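Since the structure comes first, as structure tokens, the remarks are kept for the end.
The values are calculated or read from the model by the stated rules, or taken from the named source; none is laboratory data. If you're wondering where the values come from, they're calculated on a predicted model, not measured in any experiment. Counting neighbours? That spans all protein chains shown, and the Cβs are built from the backbone with ideal geometry, glycine included.
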Amino acid sequence: MPATRPARVALIGCGNISRAYVAGSSSLAAVDLVACTDADPARASALSADAGLEALSLESLLADPSIEVVVNLTPPAHHAEVSVAAIEAGKHVYSEKPLATSLADARAILDAAAARGVRVGCAPDTFLGGGLQTARDVLDAGTIGEPLGAHAAVLHLGPERWHPDPEIFFAHGGGPLLDVGPYYVAALVNLLGAVESVEAFGRGDGAPRVIGAGPRAGTRFAAAVPTYVVATYRFASGVIGSFLASFDVVASTAPHLEVHGTAGSLAMGDPNTFEGEVSVQRPGEVAWSDVRLRADRRSGRGIGLAEMVEAIREDRPHRASGELAYHVLDVLLATEAAAEGRPHQITSTTDRQASLLPGTPVLSAGAPRA
């Protein structure tokens, strides 16, 4: 990328994920983290002391004309109100996922940004990492022929085992679909394009959960959303796919992500990471062959934010866009509705994002994977 004047960036929300953004942004030339705020001033003060940021009130932060971009790290239920407030203050916004907890709120964010002439970006940005970008290169090079089907799975036990206040992960806007599903659906959409329709079954909403750590250990609460979901997606391209998402699985050998084509199969690592193995197997081969990952100096939370800043400076579209996040949210809310017996058609669409560094993938010689 060409040299980019760094943007002065502030964090709204100083919970656990804020530390990942501080660490990830430290090596990103486009991002200059300067300030933070939180509804709990003690958390803002702690992050300020640890990361060298200025702790401000929300009002002061939004009123500061030198701050160009805010990163919205508040709980999902507050994403819409905080993002709209920042947009109305003339700031570009980069939000943690999901963009909002309803399509109406997500649309309000995008409409406000369009009216104000500012950008909206949104996590996940893991599809911009070396692993999934290498996988994208494999598909675009025609290595596995025409894609026919895809399978994704995130199956593990829920965060109530280790998080002291886990109810947020089981509230509307959470669950395995809205909490971790965005990584998988964003990866699928980046690889295969927009989803056209959804069917799903689910269970677990209303079931009791027990907090396993912290001062509230032993406290019982009920999940408000399905915690075991099996979904089928039809993409606008004609590809069909499946997605399994659960907070109820002790152990699984299901693949994180696979795409199968007319001339081979493509396997990838966890879309919740920026790197990970990429392998292909073609007819007549008896083992998977690793694909040499593209070299990428950027890895970690914040690369989507940095790419958005670069796009603003270069006057071009950015990749981890609000429109992409809206489509991912549309797909996941439709999946949740279908899992609860309320299926509906996907009405949004999104462009397949341009590859960061298109090129011909190289198979690593002598690196078969059984």
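Before moving on, here are some points about what is shown:
- Within the range 64-88, the set of residues being within 19 Å of residue 14 (Cβ to Cβ), surrounded by fewer than 21 Cβ atoms within 10 Å (Cβ to Cβ) and among the aliphatic types (A, V, I, L, M) comprises 77, 85.
- Strands (runs of 3 or more DSSP E) enclosed by the range 28-128 - at least 3 residues per element that are more than 30 Å from residue 268 (Cα to Cα) and touching a strand residue (DSSP E or B) at 6+ places or on another chain (Cβ under 8 Å): 31-37
- Selection status of residue 160, crowded, with 18+ Cβ neighbours inside 10 Å, part of a helix (DSSP H, G or I) and of a type in the set (D, E, K, R): yes
- Criterion (over 17 Å from residue 190 (Cβ atoms), surrounded by fewer than 24 Cβ atoms within 10 Å (Cβ to Cβ) and not charged (D, E, K, R)) met by exactly one of 144, 168: 168
- The requirement of being touching a strand residue (DSSP E or B) at 6+ places or on another chain (Cβ under 6 Å) and free of Cβ contacts under 8 Å to residues at least 40 places away in the same chain is not satisfied by residue 292.
- Meets criteria (under 19 Å from residue 77 (Cβ atoms) and either surrounded by 15 or more Cβ atoms within 10 Å (Cβ to Cβ) or of a type in the set (Phe, Trp, Tyr) (or both)) for residue 232: no
- Residue match in the range 113-132 (condition: of a type in the set (S, T, N, Q) and out of contact with any Pro (no Cβ under 7 Å at 6 or more places or on another chain)): no
- Unique match (being among the hydrophobic types (A, V, I, L, M, F, W, C) and over 20 Å from residue 128 (Cβ atoms)) among 23, 30, 44: 44
- Unique match (being under 17 Å from residue 128 (Cα atoms) and in contact with a strand residue (DSSP E or B) (Cβ under 8 Å, 6 or more places away or on another chain)) among 321, 246: 321
- Close Cβ contacts (under 8 Å, 6 or more residues apart or on different chains) running from residues in the range 224-244 that are in the same structural domain as residue 206 (by TED's automatic domain parsing) to residues that are β-branched (Val, Ile, Thr) and at pLDDT below 95 comprise 236/349.
- Residue within the range 173-193 that is in contact with a strand residue (DSSP E or B) (Cβ under 7 Å, 6 or more places away or on another chain), closer than 28 Å to residue 92 by Cβ, at pLDDT 95 or above and not in a helix (DSSP H, G or I) present: yes
- Selection over the range 230-264 of residues that are outside any strand (DSSP E or B), within 19 Å of the chain's Cα centre (by Cα) and at pLDDT 95 or above gives a count of 1.
- Test result for residue 115, out of contact with any helix residue (DSSP H, G or I) (no Cβ under 6 Å at 6 or more places or on another chain) and within 30 Å of residue 336 (Cα to Cα): no
- Candidate set: the range 321-356, residues that are assigned to a loop (DSSP other than H, G, I, E, B) and among the hydroxyl-bearing types (Ser, Thr, Tyr); chosen: the one surrounded by the most Cβ atoms within 10 Å (Cβ to Cβ): 350
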